[in-house]
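Contents: one structure, followed by commentary.
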Amino acid sequence: MRASRSLAVLTASVLTVSGPVTGALAQTEPSGPDPADDYGTALNIMPPGQAGTTTPAELAEVMANDPENRNADASTPSNVGDQLEPYDELNTLTPEEISGSDLTDFYKQATFTAPPESEWSRPRQTFPDRHDLTITWDSDGVPHIDGNTDEDVSWGAGYAGTLDRMFLMDVLRHAGAARSAEFLGPTEGNIAMDQQQLRLAPYTPEEAADQLAAVAGRYGEEGQRLLDAADAFVDGINAAQEEMCPGLQPTGPDCPAEYAALQKKPKEWTRADVVYISSLVGGIFGTGGGAEYGNAMWFQELRERLGEDEARRVYDDLRAKEDAEAPVTVDRKFPYGGDEGIDPSLPGVALPDLDPDATAPGSGALVGGNEPPALDDLTTGETGGLPGQLDTPWGPIDLNQAGRAMSNAALVGADHTRDGHPAAVFGPQTGYFAPQLWTEQVLNGPGVKARGVAFAGTHLFVQIGRGVDYAWSATSSNSDNVDTVVERLCEMDGSEPTVESEDYLRDGECVPMDSRTHEQTALPNVTAPEVPRHLEFLVLRTHRGIVQLRTTVDGEPVAIVSQRSTYNHEVDSAIGFMRANDPDHVRDAESFQEAMHGIDYTFNWFYADDSDIAHFGSGLLPKRADGVEFDLPRWGDDEFGWQGFEPFDRHVQQVNPPSGYLINWNNKQAVDFAAADDQWGYGSVHRSQALSDRIEPMVARRDVTPESLTAAVQDAATVDVRARYTLPHLLDALGDDPGTAEAATILRAWLEDGAHREDRDRDGAYSHQAAIAVFDEWWESGTGGLAKDVLRGGLGGLVDELPKALDNHPRHGVGSAWTGAWYSYVNKDLRQLLGEPVRDRWHRSYCGDGSVEACRSTLRDSLAGAVERVRDRQDGAAVGDLTYDKSIDSIRSVRAGVVGVRDIDWQNRPTFQQVVQLTSGR
């Protein structure tokens, strides 16, 4: 109903607007070939396409061709869905076919040379008042921005990016400012999203703007250069907005159609808006840790039922803080976080009461309301379960799903490739959106030369891409830069404090919290047609960070505070990106690592040039004090506070590893680099093994090519990692059982064929669909799921209290899948129980309470039950004839504007992917 109403409003509101777009047009020929394009192969792909602004005329065309779904195809509108088709087509080929293919059929060439006029996707523009700044759009819609000053290039980036992402940028800046309800309507999802952001980065406009000015003070000349670039970037955004929507009215042939749907007028951008988007993106993608509160609750549940000693042993088993079987990217040791077991007796530990007599909300709570904001990430560390999403007239935009760890990288060193130069296939996976959250650009000026992508609204520099003779990419590392701090509450007048108190003890002195009300007025629109609503949210902060909740410790009132190292420093990371874009700064692997040390967000950075591959783990990593437990909340006393931050040489890093390769799929960085307190999935199973299983043999043969490496990465993209690394041990544990023999036979055949979920011939069904149907049911149904059945024998009902998701299935539609702790639990427990070799053995076996026969009986019963449930739903079909609806897994690009794109078959692949082999350089 909502979609139909929205379509009607759009039809009435945006198809009758008019007005010209101004701008200086130059029909001059572009300059000659760029020498950097002779340095080797650099390809990339970013589905669905570069264009992202839908004009009224384009909307009319899409509606005429596809009125029900409003999906663009590969050519209508231009550059909206054109990269989706080759991206999807690669998934129809076998590894052998990819190895022998021309990769330019599936990727576009990431060149610096501006295209000739015959390949322009829109008229070339020059800007005489910007020192003859020139922007040329190639046939893929990617802007090539050539300027004579850094500020001109930044202005051009702001201008060109806005032409493609104006409305999406507006959505993101409002979300970052915790004003989604004000802009998109006061739905439950938009209000929850604002609450979530207020618990993460509740900046006033003045505080946000001051962040940029503060960078100039901290970084001297570099900081001033960044500030000047940012100001020019904002000016470019505003110039484009004025051209597209003259007078900032929601009219004109080039004004995004979404404004008319929402009855909103565009507003000028400021420095604060860039910071707001940076805080939103950094908070979702560039953090780790912060789940100490949930860990404390889980530990105390264990302790109540099992006693102190056994609780600590069980906690350490399942935590996998430093599991010797966890796949790592760097084979050197980088101690961080400690490998000792949990110790709640340390003096700095503060354990919130399991069942407090009273609680009170923290930041984000609606003033006058009774319900605190959702605290799923506080208790589990997993943002994917949060209710906050952006509700729009054309559907929801779930940024939390985009933030789940999704990216991968595969790099092979020069000594192991066919032609003696490194090869890399890598990219970030940030969910599928139409238009994409990324925007692509080519920047060329005195201090910048780079091509690649950046998050829309923060794209004054390329964040991932290629430089003159090098390329780089990133994966989320989720290193521990967030802590949970417990502050004792008090009352300034000396009276008895309660959980409602807004004063706290700081070094023994009672001081007031920073308390304010965040207000917004949300007007009705087609998404939320109700009456206008005035919203007031509580914001509470201490000197450590943002108050999440007020509760008790040993009956005494306290505040639970989130302390993040990047808080109030989100834009500092732009310094690192500025360095990475500067060819005078990055000349080799070591200088690249130094550049990325300027990025405070927690990422794995990967680098390749014509001779070297490298890794560097960025992040402003706190040094913890003695007396604190990394997994549990700590008291706010200064003696337990952070003792500075880790220096450059303590960050995980490596150049040209002896193994000959670097692989990461959001797995553990290095030995002794402990998993952050919210990361319980660094165990014996990780999806990175699907890459290493394929690439290690190739490296040993010393015959890797860009094509064969692409084939290996793509083959790994369709593996059901959960099945591939648990089924061998499940089948062994089942033994010879006539009652489940048919199911075991089809599961074994699927496993022997690689445990893929693929339909390469596009006949509408997965190969081995019967096995997939059975295994999915076995894993997630019955008495809570197969994984819980395995642990239940030793833990009983406690398995239902463990605050970690049971599965990470493709069905959520964002492509990325198969990260999670439960896969390792099944793998390790069964191997240990069956007497197979195990490193870092658990203190006991859980399945069947340690009895092989009891475990076998449990698994046989659970598999038999799963088979019968699937057969009952499919009218009693034979086991081998069971079907699976593969569309459940399909990648469904989130409609981030009025026009979307079609679904594609599932593949676990980056949403911006590069294939690189550079053969020469400066």
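The values are calculated or read from the model by the stated rules, or taken from the named source; none is laboratory data. Since we're looking at a predicted model, the values are computed, not measured. No Cβ is skipped: glycine too gets one built from the backbone with ideal geometry, and neighbour counts run over all protein chains shown.
If the requirement is being crowded, with 22+ Cβ neighbours inside 10 Å, among the charged types (D, E, K, R) and in contact with a helix residue (DSSP H, G or I) (Cβ under 9 Å, 6 or more places away or on another chain), which of these qualifies: Asp273, Asp235, Asp228? I'd like the intermediate steps shown before the answer.
Numbers: Asp235 fails: crowded, with 22+ Cβ neighbours inside 10 Å; Asp228 fails: crowded, with 22+ Cβ neighbours inside 10 Å.
Just a single option satisfies the conditions, and that option is Asp273.
Could you please let me know if Tyr601 is touching a helix residue (DSSP H, G or I) at 6+ places or on another chain (Cβ under 8 Å), buried (at least 20 other Cβ atoms within 10 Å of the Cβ) and in a loop (DSSP other than H, G, I, E, B)? For Tyr601, the condition - touching a helix residue (DSSP H, G or I) at 6+ places or on another chain (Cβ under 8 Å), buried (at least 20 other Cβ atoms within 10 Å of the Cβ) and in a loop (DSSP other than H, G, I, E, B) - is met.
Scanning for something free of Cβ contacts under 8 Å to residues at least 60 places away in the same chain, on the phi > 0 side of the Ramachandran plot, assigned by TED's automatic domain parsing to the domain that holds His459 and not charged (D, E, K, R), does the range 177-189 turn up at least one residue? No, the range 177-189 contains no residue that is free of Cβ contacts under 8 Å to residues at least 60 places away in the same chain, on the phi > 0 side of the Ramachandran plot, assigned by TED's automatic domain parsing to the domain that holds His459 and not charged (D, E, K, R).
Just a yes or no: is a residue in the range 686-699 in contact (Cβ under 8 Å) with a residue 40 or more places away in the chain, closer than 19 Å to Arg319 by Cβ and not in a helix (DSSP H, G or I)? Scanning the range 686-699, I find at least one residue that is in contact (Cβ under 8 Å) with a residue 40 or more places away in the chain, closer than 19 Å to Arg319 by Cβ and not in a helix (DSSP H, G or I), so the answer is yes.
Yes or no, residue by residue, for (1) closer than 19 Å to Asp693 by Cα; (2) of a type in the set (Ser, Thr, Tyr); (3) outside any loop (DSSP other than H, G, I, E, B); (4) outside the structural domain of Glu89 (by TED's automatic domain parsing):
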| position | (1), (2), (3), (4) |
| --- | --- |
| Arg722 | yes, no, yes, yes |
| Leu730 | no, no, yes, yes |
| Thr740 | no, yes, yes, yes |
| Ala743 | no, no, yes, yes |
| Ala765 | no, no, no, yes |
| Ala770 | no, no, yes, yes |
| Ala773 | no, no, yes, yes |
| Asp776 | no, no, yes, yes |
| Gly797 | no, no, yes, yes |
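Applying the set (1) assigned to a helix (DSSP H, G or I); (2) farther than 30 Å from Tyr107 by Cβ to Val713 leaves exactly one unmet item: (2). Residues of the range 81-121 being farther than 28 Å from Arg757 by Cα and crowded, with 16+ Cβ neighbours inside 10 Å, which ones? Passing the criteria: Ala110, Thr111, Phe112, Thr113, Ala114, Pro115, Trp120, Ser121. What number of residues within the range 316-347 are of a type in the set (Ser, Thr, Tyr) and in contact with a strand residue (DSSP E or B) (Cβ under 8 Å, 6 or more places away or on another chain)? The number of residues fulfilling the criteria is 2.
Mind checking whether some residue in the range 254-276 is of a type in the set (S, T, N, Q) and within 29 Å of Val448 (Cβ to Cβ)?
The initial filter retains those residues of the range 254-276 that are of a type in the set (S, T, N, Q), namely 263, 270.
Keeping just the survivors that are within 29 Å of Val448 (Cβ to Cβ) gives 270.
Within the range 254-276, one or more residues are of a type in the set (S, T, N, Q) and within 29 Å of Val448 (Cβ to Cβ).
The numbered conditions (1) surrounded by 24 or more Cβ atoms within 10 Å (Cβ to Cβ); (2) assigned to a loop (DSSP other than H, G, I, E, B) are all true for Tyr159 except (2).
Got a sec? Which of Ser857, Ser845, Ser862 is small (Gly, Ala, Ser) and in a loop (DSSP other than H, G, I, E, B)? From the options Ser857, Ser845, Ser862, the qualifying one is Ser845.
Every condition in (1) in contact with a strand residue (DSSP E or B) (Cβ under 7 Å, 6 or more places away or on another chain); (2) under 30 Å from Leu354 (Cα atoms); (3) outside any strand (DSSP E or B) is met by Gln593 except one, and the failing one is (2). The combined condition, being surrounded by fewer than 17 Cβ atoms within 10 Å (Cβ to Cβ), in contact with a Gly (Cβ under 9 Å, 6 or more places away or on another chain), of a type outside the set (Lys, Arg) and at pLDDT 95 or above, is not fulfilled by Ala866. On the stretch given as the range 315-371, residues that are out of contact with any helix residue (DSSP H, G or I) (no Cβ under 6 Å at 6 or more places or on another chain), more than 30 Å from Glu696 (Cβ to Cβ) and hydroxyl-bearing (Ser, Thr, Tyr) total 2.
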